[in-house]
Structures are given as structure tokens and as C-alpha cells.
Amino acid sequence: MDNFFIHFVLCNITIGLFVLILLCMKRIFKHCLTPRMQFNLWIPFTISLLVPFLPVSFSTLSTKMQDLFHPLAHFSHTVHTTNTSEYTSSSTNQIYDYAISMRTQFPVYISTIFCVIWGIGMFVMLFSFVRSLVLLHHMRRTANLMQDKRIHTIYMTCLSELQLRKSIPLYSSSIIDTPVSTGILRLAIFLPLHRISNFEEQEIRYILLHELMHCYYKDAIFNYCMNIIRILYWFHPLIWLITKEFYTERELACDTSVLRLLGANEQISYGVTLLHFVDKQTNTPLSLLNNLSENAKQMKRRILNIKQHQPLTIQKKLRSILSFLLSLLVILCGTPWLSVHASDSLHYQWNTKSVSITSLDLSDQYQSYSGSFVLYDIAEDTWSIYNLDQAVTRIAPNSTYKPYCALFGLDQQIITIDNSKLEWNHESYPFSNWEADQTLSSAMKYSVNWYFDTILSSLSTEMQSNYLRLLQYGNQSPKDTSSIFGMETSLKISPVEQVLLLTRLYKNELPFSTDQMNAVKNSLYITSSTHGKLYGKTGTGRIDEKDTNGWFIGYVISDTNTYIFATNIQASDYANGKTASTLTLAILSMLHLWDES
């Protein structure tokens with residue numbers, strides 16, 4: 001909830017900046033863009049505003065697109081597993097998992113209140129939207145097909161002028177005051193019944209051409225999109241501003257399209273026809289309709305547009321297209337920033353085209369926990385993964401960052417291979433195992449925060465950032481580098497990246513000396529069995545006294561092979577490193593990669 005709240009707030013700040021940039025660009029290119037191109041810019045922008053609410057992240061979509069264009073790029077099948085929830089292991093008795101609770105950056109009730117208010121606002125707007133649909137349905141049901149032969153003849157001429165092969169039904173309605181068009185699949189035009197007799201033939205032609213232009217350009221589709229945007233962003237003042245601009249520029253674009261069909265001597269007559277409908281609004285709370293009418297201020301812009309209309313030259317058309325493409329490029333580049341899921345920092349962009357992946361079904365094992373399990377077979381160069389989307393999602397590493405922290409300390413000689421002992425400062429800690437002098441092995445075994453905090457506090461932020469870049473560690477974003485606690489607020493890594501890093505560590509491929517890497521690997525040793533040796537490190541994210549994130553990463557070395565693994569579990573509580581380690585050993589036993597004998 002808190003994570004969503006933070007990203008949602010940041011997303012809306014970004015949207016505000018995005019809107020201002022777009023309005024500035026429209027202003028800069030005001031004389032280059034035609035009214036139709038001006039309106040067309042709202043189309044991708046409107047769609048981009050829906051990005052934050054897409055259920056699929058950009059990374060997942062990218063992976064799926066790779067699968068679509070490279071269906072044989074990697075072999076994947078699903079392995080169904082048996083239930084291992086009753087598994088018990090003596091190895092877990094040798095795995096220690098200590099964690100200190102962190103406080104949330106703001107009370108949980110704030111995000112809850114936010115969601116309630118946002119939900120109420122959306123409900124009110126949705127109610128208004130549904131009411132509009134009901135009124136629209138009522139208008140359709142009570143309207144009659146146009147019987148006036150004079151109007152019908154003019155209408156057929158207009159269809160011919162626009163070269164529209166599909167005949168769009170023309171109705172008369174007693175519940176509207178202005179001509180409107182509507183529909184996505186069932187296009188229709190409605191004229192006000194009580195005003196038809198007052199229209200001259202020339203006015204009827206202008207009105208019908210205008211409404212047919214709305215149908216031709218499928219404006220109704222974007223009307224619905226804009227209404228969805230208004231429901232989702234009802235609280236955002238800039239969204240209300242661009243909504244007005246959207247509807248005004250929609251009419252300006254339509255006017256310009258009509259003027260291109262008319263002669264220069266008809267521009268004034270067309271403008272006068274529009275003035276007949278100033279402040280004549282339809283009875284719909286949300287604009288689902290393409291209305292000919294506008295308020296006086298918006299109508300003034302339309303009249304000025306008609307007055308200033310000039311024939312479209314090839315030079316002006318090319319200039320308009322180039323300006324449009326440049327503005328469109330800005331929108332497309334900015335769109336990923338609007339997603340609460342899509343930021344590169346939140347997902348690992350894993351190229352799976354040449355990767356052999358077996359999909360595991362561990363839903364019975366995970367039960368109420370969300371998360372993922374990743375296993376890499378070094379000898380076969382194959383992957384077994386449960387929940388690929390979560391496997392590439394970056395989350396706080398918690399104490400699984402400590403092996404790499406140890407490497408930094410060794411490299412800077414804060415500790416050494418021969419003497420890794422750091423003295424306890426005699427401060428009180430919640431765990432008795434922490435209240436003693438520590439070596440690298442004991443600090444890793446008991447996950448002693450103060451030991452690794454001592455290392456981190458001796459390293460500058462720039463130095464730690466350089467190490468993270470060298471390792472390509474997750475999002476490489478250390479904000480508070482003075483402690484393990486501080487790192488957890490910004491540093492994120494995915495289970496797949498955990499396995500990739502551990503593989504490089506196991507193979508001695510990290511940018512550290514072989515002796516340094518061997519020292520860290522030795523500190524990760526847990527136990528042995530007939531299957532080989534088990535190495536690993538747990539991690540627990542404890543927030544407000546609740547265990548919400550559990551890790552167990554490591555590897556099993558057998559006589560013939562090595563298997564690198566990363567397990568992550570998440571829940572509102574009881575998701576900790578101890579549980580993750582028990583789950584991991586159960587899965588490894590089920591896969592015949594580990595047992596206790």
C-alpha cells in the first residue's frame with residue numbers, strides 16, 4: 001500500500017510536469033501545427049495517462065514481445081510439483097535470521113485514507129459517467145429517424161462530399177438543444193427536433209458536415225478515453241485544464257476540416273451558424289457527445305480560428321508534420337516515467353532470448369505468500385523459475401546485501417582475510433549473539449548489523465556507488481549509505497539478479513581478488529550432506545514489527561554440479577528469512593538437489 005502511494009504521488013507530480021511541457025510545446029508550435037495536428041497530440045497523451053494503471057509492467061511486456069517475435073528463442077515448460085508444506089529440516093536449525101524492525105516513513109493510515117478518498121471520488125465520477133450513458137441510451141431510445149426529406153437530401157449530399165460509403169443514421173431528438181454525434185460502433189447523428197424548422201438549408205449543410213467530421217475521425221473513442229482519465233484523475237487540477245483544451249481543440253480541428261471543404265466565401269456563414277448554438281449544452285454530466293455548441297469563451301477561439309483560416313499549402317503541411325513528430329517523440333519518451341510499474345529501476349530488464357527457462361509451479365508451496373523462486377544449473381546452463389514476473393521485480397535486499405558489503409570491506413582493508421575481527425562497542429542490542437566481538441564468519445552467520453554498518457560507515461557514498469556499478473547490483477541506488485538500514489530504503493535487486501551475482505561470486509568473476517571472494521564464500525557456509533555443501537544468506541524486511549519480506553539466497557555444491565538459488569517471499573506478516581530458508585530446502589529436496597542424510 002505504502003509503495004503504491006509513494007509511486008502514485010510521484011507519478012502525478014510527473015504528470016503535472018508532463019502536462020506543462022506538452023502545453024508549452026503546443027504553444028511553441030502553435031503556428032506550425034494545424035488545428036487537426038494540435039488535437040491529434042492529445043490522443044497519444046491521453047493514452048499515456050492510462051499507463052500507470054496497466055496491469056502489465058514494461059519489463060513484462062518486453063519479455064512477452066520477445067517471446068512473440070522469437071518463439072523458439074528459449075525452451076520453456078511447466079513443472080508441476082507436489083506439496084512440501086510439511087517439510088522439516090535440521091539444516092534450518094543452523095540458519096540464523098536476525099532482523100530489526102524499521103518504521104514506515106509515514107503512518108499506514110495516511111495511505112489508507114488516501115485510497116478511500118480517491119475511491120470515493122472515482123465512485124462519484126463513475127456515477128456521473130454511468131448517468132451519462134443512461135441519458136445517452138434514453139436519447140437513442142426516444143429519438144426518431146429523420147423524416148424530413150429536405151434534410152435527408154442535404155445529408156446524402158454531405159455523405160457524398162466526404163466520400164463516406166457507410167451511411168450513418170440521422171435522428172431527431174426532443175431532449176437536446178444542439179446537434180450532436182455519438183457512438184463507437186453504432187455511429188449516429190442527432191438534431192434537435194424543436195429547432196429543425198428554424199434551420200436554413202445552408203445551415204443544415206454546415207451542421208451535418210461538422211458532425212460527420214466527428215464521425216469520420218472517430219472522435220467518440222477519444223471522448224470515452226478522456227472520460228476515463230477524468231474518473232481516474234478527478235483530483236488533478238491540470239487534468240481538468242487539459243480536458244477543456246481537449247474538447248475545444250477537438251472542435252477547432254473539426255471546424256478546420258469543414259472549412260477545407262467550403263469555399264472562402266462561406267467561412268463567415270459557417271461562423272454565424274456556430275454562433276446560433278453558443279451556451280446551448282446537452283443534458284449530459286460528462287461529455288460523451290461531440291457537441292456543436294460551446295460556451296462563449298471557447299466559441300470566441302473557434303470564430304477566430306475560422307477568421308484566420310488559410311488554405312493548407314504543402315510547405316505548411318510538412319512543417320506541421322515535423323512539429324507533430326517532434327512533439328510526439330517527447331510524449332513517447334516521457335510515457336514510461338508515468339508508470340508505477342514501468343521504471344527500469346523497479347524491474348530488471350532480462351534478455352531471455354537465448355536463455356533456457358523451465359517454469360516451476362510452486363503455488364502449493366508458497367500458499368499465501370507472494371514472491372518467486374529462481375534456480376540456476378551451472379553445468380547445464382538452465383534456469384528453473386517460479387513466477388517470472390516477480391523474479392525480475394526489484395525489492396529491498398535486506399541482509400542478503402551483507403556478503404557484498406564484506407567484499408567492499410576486504411577490498412578497502414577495513415577488515416582483512418587474516419584478521420576480520422571487529423570489536424563490540426558494548427552497546428545494547430536485541431540479540432545476545434550481537435553483543436560480542438565478531439569475525440566475518442560469525443557476523444555473517446548471525447547477521448550482525450553493527451559489524452557491516454562499521455564497514456559501510458568507513459566508505460564514502462561515491463565509493464559505494466562505484467562498487468555497486470562495478471557489480472551491476474540491482475538499481476545501484478544507495479541514498480543512505482551509512483548503515484544496512486539506510487541502504488534498504490533505496491537499494492533494490494531482483495531474485496534473478498541475486499542468482500546472476502552469486503554465480504559470478506561462485507566462479508570468482510567479480511572485480512575482487514580470488515582470496516577475498518573465497519573468504520566471503522567461506523563465511524556463507526552452512527552445512528553439508530551426502531548431496532554436497534550448502535551455502536547461503538537469509539534476509540528479512542521487518543516494518544512496524546511485521547515481517548513483510550523474506551530472502552534466502554545461496555548455492556548447493558555437489559560432486560558433479562553447482563546450483564545457485566534465490567528465494568523471496570512477501571506477505572503482510574510472517575514473511576522472513578527463516579521461513580524462506582525452510583521453503584527453499586523443501587523445494588531443493590523435492591527437486592532431489594538436497595537432503596539431510
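Could you tell me whether residue 132 is surrounded by fewer than 20 Cβ atoms within 10 Å (Cβ to Cβ) and either at pLDDT 90 or above or out of contact with any Phe, Trp or Tyr (no Cβ under 9 Å at 6 or more places or on another chain) (or both)? So residue 132 fits the description; yes. Looking across segment 165-184 at every residue that is at pLDDT 85 or above and surrounded by fewer than 16 Cβ atoms within 10 Å (Cβ to Cβ), the one that is farthest from residue 134 (Cα to Cα) is identified as 169. Pairs linking a residue in segment 257-269 that is assigned by the TED database to the domain that holds residue 216 and within 15 Å of residue 211 (Cα to Cα) to a residue that is hydroxyl-bearing (Ser, Thr, Tyr) and outside any helix (DSSP H, G or I), with Cβ atoms under 8 Å and 6 or more positions apart or on different chains, are 257/217. Of the residues making up segment 311-335, just one is touching a Lys or Arg at 6+ places or on another chain (Cβ under 9 Å) and modelled with pLDDT of 80 or more, namely 320. Checked against the criterion of being under 30 Å from residue 172 (Cβ atoms) and either open to solvent by 50 Å² or more (accessible area, probe 1.4 Å) or modelled with pLDDT of 60 or more (or both), segment 106-128 has at least one qualifying residue.
If the condition is being open to solvent by less than 20 Å² (accessible area, probe 1.4 Å) and without any contact (Cβ under 8 Å) to a residue 40 or more places away in the chain, then segment 407-442 contributes only 438. Number of residues in segment 533-549 that are free of Cβ contacts under 8 Å to residues at least 60 places away in the same chain and either in contact with a Cys (Cβ under 9 Å, 6 or more places away or on another chain) or open to solvent by less than 30 Å² (accessible area, probe 1.4 Å) (or both): the value is 1.
Residue pairs whose Cβ atoms lie under 8 Å apart, sitting 6 or more positions apart in sequence or on different chains, and linking a residue in segment 111-126 that is more than 14 Å from residue 229 (Cα to Cα) to a partner that is modelled with pLDDT under 95 and assigned to a helix (DSSP H, G or I), are 111/2; 111/4; 111/5; 114/5; 115/5.
Selection within segment 354-406: residues that are in a loop (DSSP other than H, G, I, E, B) and out of contact with any strand residue (DSSP E or B) (no Cβ under 9 Å at 6 or more places or on another chain). The member of this set that is surrounded by the most Cβ atoms within 10 Å (Cβ to Cβ) is 367. Residue 398 passes every criterion in (1) over 20 Å from residue 508 (Cα atoms); (2) within 34 Å of the chain's Cα centre (by Cα); (3) modelled with pLDDT of 95 or more apart from (3).
Listed by position, the helices (runs of 4 or more DSSP H) enclosed by segment 495-593 that each have at least 1 residues that are under 23 Å from residue 394 (Cα atoms) are 495-506, 577-590. A search for C-beta distances below 7 Å between a residue of segment 553-564 that is small (Gly, Ala, Ser) and any residue that is open to solvent by less than 10 Å² (accessible area, probe 1.4 Å) and part of a loop (DSSP other than H, G, I, E, B), counting only pairs 6+ apart in sequence or on different chains, returns 554/524. Scanning segment 449-471 for any residue that is of a type in the set (Phe, Trp, Tyr), under 20 Å from residue 519 (Cβ atoms), outside any helix (DSSP H, G or I) and in contact (Cβ under 8 Å) with a residue 12 or more places away in the chain turns up nothing. Filtering segment 413-446 to residues that are out of contact with any Phe, Trp or Tyr (no Cβ under 9 Å at 6 or more places or on another chain) and either on the phi > 0 side of the Ramachandran plot or not in a loop (DSSP other than H, G, I, E, B) (or both) leaves 413, 426, 432. Counting only strands (runs of 3 or more DSSP E) that fall entirely inside segment 152-192 and contain at least 1 residues that are under 42 Å from the mean Cα position of the chain (by Cα), the qualifying elements are 180-182, 188-192. Residue 154 passes every criterion in (1) modelled with pLDDT under 90; (2) in contact with an Asp or Glu (Cβ under 7 Å, 6 or more places away or on another chain) apart from (1).
Give 479, 492 a once-over and let me know the one that is open to solvent by less than 60 Å² (accessible area, probe 1.4 Å), of a type in the set (Lys, Arg) and either in contact with a Pro (Cβ under 8 Å, 6 or more places away or on another chain) or at pLDDT below 90 (or both).
492
So which residues in segment 193-235 are among the polar types (S, T, N, Q) and more than 37 Å from the chain's Cα centre (by Cα), if there are any at all?
197, 198, 202
The values are calculated or read from the model by the stated rules, or taken from the named source; none is laboratory data. All of these numbers come straight from a predicted model, not from anything done at the bench. Cβ: placed from backbone, ideal geometry, glycine included. Neighbour counts: every protein chain shown. Remember, those area values only see protein heavy atoms, side chains included, never the ligands or the DNA or RNA. Shrake-Rupley method; radii C 1.70, N 1.55, O 1.52, S 1.80 Å.
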